[in-house]
1. Could you please give the count of residues in segment 103-136 that are surrounded by fewer than 18 Cβ atoms within 10 Å (Cβ to Cβ), farther than 22 Å from C44 by Cβ and either among the polar types (S, T, N, Q) or within 12 Å of the chain's Cα centre (by Cα) (or both)?
2. Please work out which residue is surrounded by the fewest Cβ atoms within 10 Å (Cβ to Cβ), limiting yourself to segment 34-71 and to residues that are among the β-branched types (V, I, T) and within 19 Å of T131 (Cβ to Cβ).
3. Please verify whether A12 is touching a helix residue (DSSP H, G or I) at 6+ places or on another chain (Cβ under 9 Å) and surrounded by 14 or more Cβ atoms within 10 Å (Cβ to Cβ), treating the condition exactly as stated.
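None of the figures in this text is laboratory data; all of them are computed from the coordinates on show. Note that the coordinates shown come from a computational prediction; the quantities given were computed from them, not determined experimentally. Methodologically, a virtual Cβ is constructed for each residue, glycine included, from the backbone with ideal geometry; neighbour enumeration extends over all protein chains shown.
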Amino acid sequence: MAWRHVASFDDALDIVVAAGQPNGSVLIDALHLWRSGGCALDLCIAPPGAIRTLRLCDAGPIAPASMHARITENRSGRLMPGIGTLPLGELLHELPERTTISLDVPMSRFNDPERHARNIYASARRLIDSTSEARQERRAAMHSAAPAYDAKRAEGHVESDAPV
């Protein structure tokens, strides 16, 4: 959070890496990532296991100018995923496998809680489903281009074709 000592993804990742604890990880907050100057590709520098959770929401195209306005946006101005302009599809593409996704869209006191939860879920599901299809296609292309792994040969159970 830009108004805290740990103000960016890089700051949080530095702490997790320096701590070196197996249970340490960074929670990615979509709003904070972009509002602090980060982007989806920043996730690529994280070592395996350093990212385990994503807090998903959306926001408008222009970051609030004042710190007070940023805090207000954080607390009550978050939008349902896919409704705003944050490049959430890019973020979902870069997430490690098995990342837990939570939804953070505060409710107006005048909304019906059950309806609000259903709407947020439906919005997030549409975004995740559309991104998942593209992600699967990308992974399939990567796997088809990579050389096949031969477990038996790797374990020494099959003689090599190469001359000795």
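1. 4
2. Residues of segment 34-71 that are among the β-branched types (V, I, T), as a first pass: 45, 51, 53, 62, 71.
Okay, now just the ones that are also within 19 Å of T131 (Cβ to Cβ), so 51, 53.
Numbers: I51: 22, T53: 15.
Per the stated criteria, the residue is T53.
3. no
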